[in-house]
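What follows is one structure encoded as structure tokens, with my remarks underneath.
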Amino acid sequence: MSHDTTHGRDTAHSHAGHDAHEHGGPSSHAGHSHGVSADADRRYLLAALGFIAAFMAAEVTVGLFARSLALISDAGHMLTDAASIALALIAMRLAARPAKGSLTFGLKRAEILSAQANGITLLALAAIFLYEAVRRLISPPPVAGGVVLATALVGIVINVIAAWLISRANRTSLNVEGAYQHILNDAWAFIATAISGLVVLLTGFSRADAIATLVVAGLMLKAGYGLVRESGRIFLEAAPAGLDPDAVGARLAAVPGVVELHDLHIWTITSGYPALSAHVLVRDELDCHAVRMTLERELHERYAIEHTTLQVDHASPETLQLGPAMDVTRPSGTDSGHCRDPHGSSHRARY
């Protein structure tokens with residue numbers, strides 16, 4: 001007897017070879033949202049974008065006038081901040097579109113695509129500024145320290161305002177949170193630039209501008225690497241950070257009535273949207289649906305995983321066999337196991 005039970009509006013990860021009768025489990029997602037939400041307050045993001053874009057244009061002009069690479073690199077960092085906010089706004093609209101056709105999850109991963117693009121852009125700009133900073137360390141041009149100092153101080157104020165605005169928006173999105181972290185990093189970069197301007201103004205040490213640029217580039221590398229790493233984990237279907245699939249599997253296998261749990265997969269669809277699928281074997285005399293509801297409750301309460309696909313079967317010698325039977329009398333290409341190509345971790349009850 002086989003029960004292939006899917007929970008929630010969005011089902012995930014079907015198992016080939018599982019010939020099962022599907023039972024639609026009750027949905028408990030009223031009012032629940034995932035990742036980038038259409039209800040996020042776009043006004044705050046738009047206001048922050050306006051402040052950043054206006055100051056960025058002014059900073060490039062002043063940076064060219066003052067011959068300050070630190071100011072221009074700060075402007076480059078702000079360009080990625082502005083792009084991340086703009087892409088977040090676009091991703092919000094795309095992710096809010098309902099799933100249809102071949103896009104069974106809709107466009108929820110649009111924000112992950114834009115987050116990865118932002119991260120790659122940060123890394124590329126950091127490499128350019130690192131090269132130019134080293135060149136200026138070797139042969140420093142004259143820098144107008146007073147202009148650099150004044151512009152950097154204004155930049156700190158602009159970044160504080162933008163950070164405050166974004167902190168009031170929905171930060172469950174990897175894009176929005178990334179933009180928030182970018183702006184905080186940018187504030188530190190402006191502090192470094194202000195210090196370099198003060199040093200140049202007081203001592204005439206022009207290399208301070210290039211040193212500040214190295215600091216800015218380092219912050220860009222850190223932020224870019226973080227975005228690429230997190231978006232890459234999602235694209236590679238890795239388990240959410242801080243969640244150990246083996247620990248989850250062992251916990252579920254310890255639920256009374258469970259004999260074995262295998263083909264366990266935990267991944268992230270988009271920011272704040274974890275999903276899980278598994279094949280569960282229960283004792284023959286028990287109600288599969290009751291055990292399934294207990295497992296779903298455990299996943300919700302302990303791990304905040306609400307979107308699950310659990311195939312629940314009664315334990316039998318056939319379902320307990322994960323792979324092809326080592327029987328030379330069987331025709332080539334056939335097997336007696338329930339799954340020809342077992343995948344994911346396996347956990348058995350300790351009783």
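The values are calculated or read from the model by the stated rules, or taken from the named source; none is laboratory data. Everything numeric here is computed off the predicted structure, so don't read it as measured data. Note that each Cβ is placed from the backbone with ideal geometry, even for glycine, and that neighbours are counted across all protein chains shown. Quick note on the areas: whole protein, heavy atoms, side chains included, nothing else; ligands and nucleic acids left out. Shrake-Rupley method; radii C 1.70, N 1.55, O 1.52, S 1.80 Å.
In this structure, residue 213 does not qualify as in contact with a Gly (Cβ under 8 Å, 6 or more places away or on another chain), in a helix (DSSP H, G or I), within 22 Å of residue 138 (Cα to Cα) and modelled with pLDDT under 90. Which residues, taken from the stretch 81-93, are at pLDDT below 75 and farther than 13 Å from residue 42 by Cα? 84, the sole residue that qualifies.
Of the residues screened, residue 168 is one that is touching a residue at least 40 places away in the same chain (Cβ under 8 Å), within 22 Å of residue 92 (Cβ to Cβ) and open to solvent by 70 Å² or more (accessible area, probe 1.4 Å). If the condition is being part of a helix (DSSP H, G or I) and more than 37 Å from the chain's Cα centre (by Cα), then the stretch 138-164 contributes 138, 145, 146, 147. Going through (1) crowded, with 18+ Cβ neighbours inside 10 Å; (2) at pLDDT 85 or above; (3) over 22 Å from the mean Cα position of the chain (by Cα) one by one, residue 60 falls short only on (1).
Summed over the stretch 272-299, the residues that are open to solvent by less than 10 Å² (accessible area, probe 1.4 Å) and either in contact with a Ser or Thr (Cβ under 7 Å, 6 or more places away or on another chain) or not β-branched (Val, Ile, Thr) (or both) give a count of 10. Each residue in the stretch 73-86 was checked for being free of Cβ contacts under 8 Å to residues at least 40 places away in the same chain and within 12 Å of residue 189 (Cβ to Cβ), and 1 pass.
For the stretch 107-125, residues that are touching a His at 6+ places or on another chain (Cβ under 9 Å) and either in a helix (DSSP H, G or I) or closer than 21 Å to residue 79 by Cβ (or both) total 3. Screening 198, 219, 202 for residues that are on the phi < 0 side of the Ramachandran plot and modelled with pLDDT under 90 leaves exactly one candidate, 219.
Being farther than 30 Å from residue 314 by Cα, open to solvent by 10 Å² or more (accessible area, probe 1.4 Å), touching a Phe, Trp or Tyr at 6+ places or on another chain (Cβ under 6 Å) and part of a helix (DSSP H, G or I) is a description that applies to residue 199. Pairing each residue of the stretch 137-149 that is within 11 Å of residue 204 (Cα to Cα) with any residue that is of a type in the set (Asp, Glu) and open to solvent by 50 Å² or more (accessible area, probe 1.4 Å), provided the two are 6+ apart or on different chains, yields no C-beta distance under 8 Å.
The number of residues in the stretch 61-77 that are in a helix (DSSP H, G or I) and either on the phi > 0 side of the Ramachandran plot or aliphatic (A, V, I, L, M) (or both) comes to 8. Scanning the stretch 251-262 for residues that are touching a Lys or Arg at 6+ places or on another chain (Cβ under 9 Å) and assigned to a helix (DSSP H, G or I) yields 251, 253. In the condition set (1) open to solvent by less than 70 Å² (accessible area, probe 1.4 Å); (2) among the aliphatic types (A, V, I, L, M); (3) without any contact (Cβ under 8 Å) to a residue 40 or more places away in the chain, residue 123 is compliant with all but (3). Criterion first (surrounded by fewer than 16 Cβ atoms within 10 Å (Cβ to Cβ) and among the charged types (D, E, K, R)) does residue 302 satisfy it? The answer is yes for residue 302.
Residue pairs whose Cβ atoms lie under 8 Å apart, sitting 6 or more positions apart in sequence or on different chains, and linking a residue in the stretch 208-234 that is under 18 Å from residue 75 (Cβ atoms) to a partner that is among the hydroxyl-bearing types (Ser, Thr, Tyr) and outside any helix (DSSP H, G or I), are 209/68.
Could you tell me whether residue 137 is over 23 Å from residue 228 (Cβ atoms) and open to solvent by 10 Å² or more (accessible area, probe 1.4 Å)? Full working, then the answer.
Working: over 23 Å from residue 228 (Cβ atoms): yes; open to solvent by 10 Å² or more (accessible area, probe 1.4 Å): yes.
Against the criterion (over 23 Å from residue 228 (Cβ atoms) and open to solvent by 10 Å² or more (accessible area, probe 1.4 Å)), residue 137 qualifies.
Would you check if there is a residue in the stretch 242-265 being within 20 Å of residue 111 (Cα to Cα), open to solvent by less than 40 Å² (accessible area, probe 1.4 Å) and touching a residue at least 24 places away in the same chain (Cβ under 8 Å)? Within the stretch 242-265, none of the residues are within 20 Å of residue 111 (Cα to Cα), open to solvent by less than 40 Å² (accessible area, probe 1.4 Å) and touching a residue at least 24 places away in the same chain (Cβ under 8 Å).
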